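Below: one structure, written as C-alpha cells.
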Amino acid sequence: MKDCFMSAYDDAGDGRIAITEMSNIMPTDETFILLFRREEQLESSVDMMELWRNYDRDRSGYINADELKFFIRDLLKKKGKDVGDEKLEEYTAGLLTIFDKNGDGRLGLKEMARILSIQPEDNFLTQFELKSKSMSYKEKQRHFHKVFDYYDKSKTGAIEGDELDAFVKDLLEPDMEDISTTQIDLFKKGILTNCDKNKDGKIQKDELRLCLGLYLDMDM
C-alpha cells in the first residue's frame, strides 16, 4: 500500500512525501498539517523536543497511535475544528501509513520531524560544523556564541532540560538512521559526565566548548 502511495504522490521523486505532496492524498479537512507548517512553524530543535516530550506521554521514546491522536486533535482545536473519534482514527491511520517508515505502528523522532517538515539541513549543529571549516578564529568565536544562544532558549545562561535534549539530538542525528529519546538520554549522561564540570546537570558556555571539541580546532 505504501508503494502505491509513493508512486502516485511522491512528486519530487525523492522517496519521501512532502507536506505539499501529502495534501494531494489527504481529504481537504486534513490540510491542517499544511496550516500548522505555515502558521506555527517550529523555530528550533528545542521546540521540537518540547513538543515531543509533551506527546510522548508514556516516555517510551516513540509516539504511538494513541499519542498521535492527541497531537492531531490539539492541532485541529487550534484551528477551531473538532472531529469525532472515527475521523480521528482515519487521520491517525493516514499519517502512520505515510510517515511510519519502518512500519512499526509508531513514530520515532525523525519520522515525527518529517510530519513537521523539518529537514536534515535544518540541523543547527551540522550547519555549524560545515561553516566553521572555512571560518577564521574570530568568526568561529562569534558563531560559537550563536550556537549557545540557539540552544539556551530560556536565556538562563545554561543549556538544560529540553534544550539539552535538542542539543544531543542534533549531535547524534547526522550519524543515525533514527533516534529515540532513550538513546538521547543515554548519550546525554555521557556528555554530562565528561563536560558538566560543576555537576549541576546543565551545560554552561565554557562546558559547551568541551562538548564541541570535535568541531573546534582551538581553545576559545
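The values are calculated or read from the model by the stated rules, or taken from the named source; none is laboratory data. All figures in this text were calculated on a predicted structure; none of them were measured in a lab. Counting neighbours? That spans all protein chains shown, and the Cβs are built from the backbone with ideal geometry, glycine included. Ligands, DNA and RNA are stripped out before the accessible areas are found, and what is left, the full protein with its side chains, is counted by its heavy atoms. Shrake-Rupley method; radii C 1.70, N 1.55, O 1.52, S 1.80 Å.
As a summary of the residue check, T181 satisfies the conditions (1) touching a residue at least 40 places away in the same chain (Cβ under 8 Å); (2) open to solvent by 10 Å² or more (accessible area, probe 1.4 Å) except for the one numbered (2).
A quick yes/no check of all residues on (1) among the aromatic types (F, W, Y); (2) crowded, with 18+ Cβ neighbours inside 10 Å:
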| position | (1), (2) |
| --- | --- |
| F128 | yes, yes |
| K133 | no, no |
| E139 | no, no |
| D152 | no, yes |
| T156 | no, no |
| A166 | no, yes |
| E173 | no, yes |
| M176 | no, no |
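Does K199 fit the bill of being open to solvent by 80 Å² or more (accessible area, probe 1.4 Å) and closer than 16 Å to D47 by Cβ? Judged against the criteria, K199 is not a match.
Among the listed residues R73, R16, identify the single one that is more than 30 Å from I159 (Cα to Cα), modelled with pLDDT of 85 or more and open to solvent by 50 Å² or more (accessible area, probe 1.4 Å).
R73
Within region 43-59, if we keep just the residues that are more than 12 Å from L116 (Cβ to Cβ) and without any contact (Cβ under 8 Å) to a residue 12 or more places away in the chain, the residue that is surrounded by the most Cβ atoms within 10 Å (Cβ to Cβ) turns out to be N54. Where residues in region 76-106 are of a type in the set (K, R) and within 29 Å of F187 (Cβ to Cβ), which of them is surrounded by the most Cβ atoms within 10 Å (Cβ to Cβ)? Per the stated criteria, the residue is R106.
In this structure, N64 does not qualify as open to solvent by 10 Å² or more (accessible area, probe 1.4 Å) and at pLDDT below 80. Exactly one residue out of L130, L116, L109 is under 24 Å from F187 (Cα atoms), within 14 Å of the chain's Cα centre (by Cα) and not β-branched (V, I, T), and it is L109. Within region 175-195, the presence of at least one residue that is under 18 Å from the mean Cα position of the chain (by Cα) and basic (K, R) is confirmed. Take the conditions surrounded by 14 or more Cβ atoms within 10 Å (Cβ to Cβ) and more than 29 Å from S60 (Cα to Cα) and apply them to Q204. Does it pass? The answer is no for Q204.
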